[in-house]
Amino acid sequence: MTTTPDILVIEDDPIMREALADWLQAAGYRVRTVPDGSAGLAAVTAAPPKLVITDIHMPGTNGATVISELKQRHPQIAVIAISGLFDSGHGLGADAALALGAARALAKPFKRAELLRATAEALSPPDP
């Protein structure tokens, strides 16, 4: 029996968090959501997922810290960084998120198909 990968979504905006969960669940993934980076790191410690999708710009523990911590403690967990500010010149850019260890970086707003494609790619095993 094949199991569906578990995905953790870390997003402070409740509408975006719900939309991401709905899109991923409709595609057959098991999804957990949390509203901030601290809760996200605690959720990973409690039950490590296969993939974390994290917003970058959040109050408290931001996405850059989440990615850094995940890559130190759980390097096997894939990460997708999302942000509405990647192209703004303010805060962490997409290149920096990738340099920290994110597999993909998506600029908000993105389409459902973009998220699902990035998710499938992040969950694919690396080429030997």
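Every number in this text was worked out from the coordinates using simple rules, so none of it is lab data. All of these numbers come straight from a predicted model, not from anything done at the bench. When we count neighbours, we look across all protein chains shown, and the Cβ atoms used for this are built from the backbone with ideal geometry, even at glycine.
Quick one: dipole size for the chain, taken about the Cα centre, charges +1 on Lys/Arg Cβ and -1 on Asp/Glu Cβ, in debye to the nearest 20.
Result for the chain is approximately 280 debye, rounded to the nearest 20.
Could you calculate the contour length gain from A27 to R112, that is, 0.36 nm times the residue separation minus the distance between their Cα atoms, to one decimal place in nm? Before the final figure, lay out the partial values.
Details: separation 85, 0.36 × 85 = 30.60 nm, distance 1.01 nm.
So the chain would gain 29.6 nm between A27 and R112.
Placing +1 on the Cβ of each Lys and Arg and -1 on the Cβ of each Asp and Glu in the chain, which of A39, T61, A120 has its Cα farthest towards the positive end of the resulting dipole?
A120
Okay, helix-only estimate at 222 nm for the chain: each DSSP H run of n ≥ 4 adds -39500 (n - 2.57), divide by all residues, round to 500 deg cm²/dmol; what do you get?
Numbers: 5 runs with 53 residues, N = 128.
The helix-only estimate for the chain comes to -12500 deg cm²/dmol at 222 nm.
Quick one: what does P(r) look like for region 1-49 with 5 Å bins over all Cα pairs, in whole %?
5, 23, 29, 23, 15, 4, 1, 0
What is the mean projected area of the alpha carbon convex hull for the chain, to one decimal in square nanometres? Let's see the in-between values first.
On the way: hull surface 31.6 nm².
With the hull built on Cα positions only, its mean projection is 7.9 nm².
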